[in-house]
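Okay, structure first, notes after.
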Amino acid sequence: MDKQENKAIVTFKDKLLRILLNLFNVLKPSLISIGVGLAFGFIIMLIFNPGGAFPGLITLLTGGLGSGIKVAGDILLHAAPIILTGVALVVAFKTGLFNIGASGQMIVAGYVAIHVGVLWNIPAPFHWMVALLLGTVAGAIWGAIPGILKAFTNTNEVVSSIMLNYIGTFLAVFLIKANVYNGATAKSLNIQASAELPRLGALFGNSKANIGIFIAIAVAVLMYYVFKKTTLGYELKASGFNREASRYAGMNAKRNIVLSMLISGAIVGLGGAIQFLVIGTNLGTTYDLLPQGFDGISVALLGLTEPIGAVFAGTFLSYIRQGGFYMQVNGFPQQIIDIIIAVIVYTTSISVAIQLFFANLKTKRLMKKASTSEIEGGIEQ
Amino acid sequence: MTLIVQLTLVSLVPLLIVALGGLMSEKSGVTNIALEGLMLLGAFVGVWVIRDLQNATNPLPMQLIYLIGIIVGGLVGGLFAMTHAIASIKFNADQTISATAINLFAPAFAIYTARSLQGAQQIRFSAAFRIDKVPFLGDIPIIGEWFFQKTYISLFIAAGILAFVWILLYKTKSGLRIRAVGENPQAADAQGINIYKIRYLSVFASGILAGIGGVIFVVTTSASFDATVAGMGFLAIAVLIFGNWHPGRILLSAIVFGFFRTIASAYSAIGFLRDLDLDTEIYQMIPFVITLIVLAITSRNSRAPKAIGQIYEMGKR
């Protein structure tokens with residue numbers, strides 16, 4: 001009786017351990033990349049400001065928390081759009097495409113959402129819904145263009161997306177100046193209160209955290225389901241693995257390319273609308289590309305190109321961005337975060353090789369151990 | 001007319017040099033969309049050096065300072081290109097992603113370093129590098145006016161680079177090897193060519209040219225560097241593709257793009273365009289819209305190197 005119980009406990013412990021070990025193995029590339037990124041950032045901080053580097057690192061790692069519930073809300077507020085661009089990048093990656101045009105899709109969608117939010121008069125509960133929906137549609141259209149060009153004229157989607165980033169940025173600035181310009185701030189006008197996404201005031205105090213985070217998680221779960229369980233998801237993945245083979249199997253490869261980019265653009269568009277349907281968040285009229293679009297690349301890679309992974313990666317990115325914001329108190333420009341993120345992306349791109357390197361090291365050590373013990377054994381004899 | 005030609009030359013020089021840089025890398029089979037970031041890093045350090053040399057107590061002659069800046073910028077570009085080379089050649093990384101990492105890194109690094117070291121993000125310098133008139137050659141009618149008056153030494157550097165790349169790729173054994181590696185690495189390997197060495201050198205050269213182009217772009221178009229090269233690196237990729245991976249056609253496409261960029265940035269100085277009374281943004285959009293349309297039309301018969309973007313593993317067939 002006693003023994004059996006013991007055994008049950010042991011197997012449960014074993015199971016838990018095994019799950020944790022598996023999880024660790026899955027997460028290993030991301031963890032290595034984050035570690036390398038942080039180490040690199042720390043070295044840069046040491047070079048420029050040796051005294052402040054350590055406190056700076058502490059602020060970076062803890063800055064997000066400890067400052068109360070408002071900060072937690074802000075992290076979620078900023079996480080929602082980049083989770084969505086991350087999920088969008090995942091959708092494209094799975095079909096073998098690289099949607100580097102998220103920046104353009106986002107600004108076009110953001111403009112449409114703002115346009116509706118500022119100029120249209122719609123009764124309260126529907127105003128933000130319409131803005132959100134039309135923003136999504138705008139993103140879908142902007143995303144579909146490189147898809148259509150790729151499918152029908154074999155235009156490299158990376159290059160056409162980059163061109164569309166600039167076209168979208170200039171177009172948005174032009175439209176802001178023409179329709180919703182606030183001369184005093186050189187930005188877009190504030191949206192009407194009815195167009196703002198419902199806030200989670202009860203949970204996060206005076207933070208502007210809103211339902212965007214739930215929408216982002218829902219979309220991630222939906223995409224997980226699409227890829228795991230539906231024919232559409234299977235076809236998209238198949239044409240990502242091998243376009244010729246999927247065509248031979250009777251799938252419409254062209255349709256899949258267009259569809260993938262369209263869905264990807266729509267999700268980015270949703271993220272753009274969520275980003276700008278917040279009073280006080282306005283589109284500027286400088287010609288800089290929207291950085292949140294590029295965050296999607298980091299989020300998707302760090303999330304192991306899985307929709308659910310993107311949720312965690314996006315939250316993490318938002319968390320260290322917040323830490324980077326507070327690091328300015330320690331005398332560090334917040335661009336240190338972007339440096340760290342760039343190193344993380346770079347390390348992820350070579351993470352397969354790094355893992356191989358560690359595995360080789362391990363086998364070499366084991367072989368060395370084995371050979372020395374053999375020798376020792378020989379001497380004993 | 002003379003004004004448009006002169007302005008177009010200023011725009012096309014960095015585009016041409018950077019696009020030729022892209023050509024070097026892509027001919028050996030490595031895609032390089034990091035050109036934008038490499039330009040920016042080259043420009044950052046090159047302009048910094050130029051500013052410091054200008055502020056020295058006994059400054060060197062202006063043109064010499066410009067040359068030193070260009071060389072430093074080139075070396076910086078080449079150095080950072082090696083990170084892309086190592087990732088994509090040695091570690092089998094996805095080339096688009098490792099290049100994207102450089103593009104993300106460059107502006108962040110420039111802003112962080114500038115703010116840390118000088119407290120501000122902008123690097124101001126004195127933009128006094130224009131040559132009013134080249135002696136003797138400037139007196140030739142029309143040609144002298146177009147090419148040898150109100151010009152920069154960078155124009156002649158670009159001409160030299162164009163000739164060098166063209167001869168290297170099409171008239172030398174090394175060039176043949178580079179092209180072989182980009183078209184069919186397996187066959188090249190069988191011939192005893194060291195694929196890795198060729199690719200490393202090609203990507204390094206590509207970074208040098210991108211860095212040079214970055215310095216030239218900033219120095220000839222403004223009086224301060226503000227952590228951006230305004231998408232010129234991406235435009236250079238379009239020039240490369242539109243030029244169908246051939247130096248001569250790249251020159252032609254750089255002329256076309258340089259012309260459109262001139263219109264975008266200097267339309268107010270050109271009478272009939274100013275009278276059209278369109279918004280700045282429309283003019284700025286034009287080069288990118290045209291690129292998109294041209295790409296859509298020409299991509300079907302693209303002559304991109306066959307092994308581009310592919311990881312080369314020895315022994316794989």
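Structure notes:
- Yes/no for residue A:179 being more than 24 Å from the chain's Cα centre (by Cα) and open to solvent by 80 Å² or more (accessible area, probe 1.4 Å): no
- Every residue from segment B:182-200 that is of a type in the set (A, V, I, L, M, F, W, C) and either closer than 15 Å to residue B:90 by Cα or open to solvent by less than 60 Å² (accessible area, probe 1.4 Å) (or both): B:187, B:188, B:193, B:195, B:198
- Just so you know, in segment A:116-157 the residues that are assigned to a loop (DSSP other than H, G, I, E, B) and more than 22 Å from residue B:300 (Cβ to Cβ) include one that is most open to solvent (accessible area, probe 1.4 Å), and it is A:121.
- Listed by position, the helices (runs of 4 or more DSSP H) enclosed by segment A:184-283 that each have at least 2 residues that are at pLDDT 90 or above are A:212-229, A:253-276.
Yes/no per residue for (1) within 14 Å of chain A (Cβ to nearest Cβ); (2) assigned to a helix (DSSP H, G or I); (3) more than 25 Å from residue B:5 (Cβ to Cβ); (4) in contact with a strand residue (DSSP E or B) (Cβ under 6 Å, 6 or more places away or on another chain):
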site	(1), (2), (3), (4)
B:207	no, yes, yes, no
B:217	no, yes, no, no
B:235	yes, yes, no, no
B:249	no, yes, no, no
B:256	no, yes, no, no
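- Residue list for segment A:48-77, restricted to those being under 30 Å from residue A:214 (Cα atoms) and either open to solvent by less than 60 Å² (accessible area, probe 1.4 Å) or acidic (Asp, Glu) (or both): A:59, A:60, A:63, A:64, A:68, A:71, A:72, A:73, A:74, A:75, A:76, A:77
- For residue A:174, the conditions (1) assigned to a helix (DSSP H, G or I); (2) open to solvent by less than 40 Å² (accessible area, probe 1.4 Å) all hold with the exception of (2).
- Cβ separations smaller than 6 Å between residues 6+ apart or across chains give the following pairs from segment A:137-151 residues that are within 12 Å of another protein chain (Cβ to nearest Cβ) to residues that are open to solvent by 10 Å² or more (accessible area, probe 1.4 Å) and small (Gly, Ala, Ser): A:149/B:296.
- Within segment A:209-233, if we keep just the residues that are surrounded by fewer than 20 Cβ atoms within 10 Å (Cβ to Cβ) and in contact with a Lys or Arg (Cβ under 9 Å, 6 or more places away or on another chain), the residue that is farthest from residue A:74 (Cα to Cα) turns out to be A:233.
- Enumeration of residues in segment A:157-196 that are at the interface with chain B (Cβ under 7 Å from one of its Cβ atoms) and without any contact (Cβ under 8 Å) to a residue 60 or more places away in the chain: A:159, A:160, A:163, A:174
- Residue match in segment B:186-203 (condition: under 16 Å from the mean Cα position of the chain (by Cα), at pLDDT 90 or above, part of a helix (DSSP H, G or I) and farther than 17 Å from residue B:251 by Cβ): yes
- Count of residues meeting criterion [in a loop (DSSP other than H, G, I, E, B), open to solvent by 10 Å² or more (accessible area, probe 1.4 Å) and more than 7 Å from every other protein chain (Cβ to nearest Cβ)] in segment B:87-131: 9
- Among residues of segment B:223-240, those that are aliphatic (A, V, I, L, M) and open to solvent by 30 Å² or more (accessible area, probe 1.4 Å), counted: 2
- All conditions but one from (1) assigned to a loop (DSSP other than H, G, I, E, B); (2) among the polar types (S, T, N, Q); (3) closer than 22 Å to residue B:311 by Cβ apply to residue B:25; the one that does not is (1).
- Residue within segment A:243-250 that is touching a Leu at 6+ places or on another chain (Cβ under 7 Å) and in contact (Cβ under 8 Å) with a residue 40 or more places away in the chain present: no
- Residues (in contact with a helix residue (DSSP H, G or I) (Cβ under 8 Å, 6 or more places away or on another chain) and open to solvent by 10 Å² or more (accessible area, probe 1.4 Å)) located in segment B:206-222: B:208, B:209, B:212, B:217, B:220, B:221
- Here residue A:205 does not fit the description of being within 14 Å of chain B (Cβ to nearest Cβ), touching a residue at least 12 places away in the same chain (Cβ under 8 Å), in contact with a Lys or Arg (Cβ under 8 Å, 6 or more places away or on another chain) and open to solvent by less than 60 Å² (accessible area, probe 1.4 Å).
- The single condition among (1) aliphatic (A, V, I, L, M); (2) more than 14 Å from chain A (Cβ to nearest Cβ); (3) open to solvent by less than 10 Å² (accessible area, probe 1.4 Å) that residue B:76 does not satisfy is (3).
- Failed condition for residue B:164, given (1) in contact with a Phe, Trp or Tyr (Cβ under 6 Å, 6 or more places away or on another chain); (2) closer than 18 Å to residue B:20 by Cβ; (3) surrounded by fewer than 24 Cβ atoms within 10 Å (Cβ to Cβ): (1)
- Residue in segment B:260-279 that is away from every other protein chain (no Cβ under 14 Å), crowded, with 21+ Cβ neighbours inside 10 Å, part of a helix (DSSP H, G or I) and modelled with pLDDT of 85 or more present: no
- Residue match in segment B:50-72 (condition: within 9 Å of chain A (Cβ to nearest Cβ) and either closer than 30 Å to residue B:169 by Cβ or open to solvent by 10 Å² or more (accessible area, probe 1.4 Å) (or both)): no
- Residue check, residue A:162 hydrophobic (A, V, I, L, M, F, W, C) and surrounded by fewer than 24 Cβ atoms within 10 Å (Cβ to Cβ): no
- Just one of the listed residues (B:308, B:250) is touching an Asp or Glu at 6+ places or on another chain (Cβ under 7 Å), of a type outside the set (Ser, Thr, Tyr) and touching a residue at least 40 places away in the same chain (Cβ under 8 Å), namely B:308.
The values are calculated or read from the model by the stated rules, or taken from the named source; none is laboratory data. As the structure is a prediction and not an experimental result, all values here were calculated from the model. Heads up, the Cβs are rebuilt from the backbone with ideal geometry, glycines too, and the neighbour counts pull from every protein chain shown. SASA here: full protein model, heavy atoms, side chains in, ligands and nucleic acids out. Shrake-Rupley method; radii C 1.70, N 1.55, O 1.52, S 1.80 Å.
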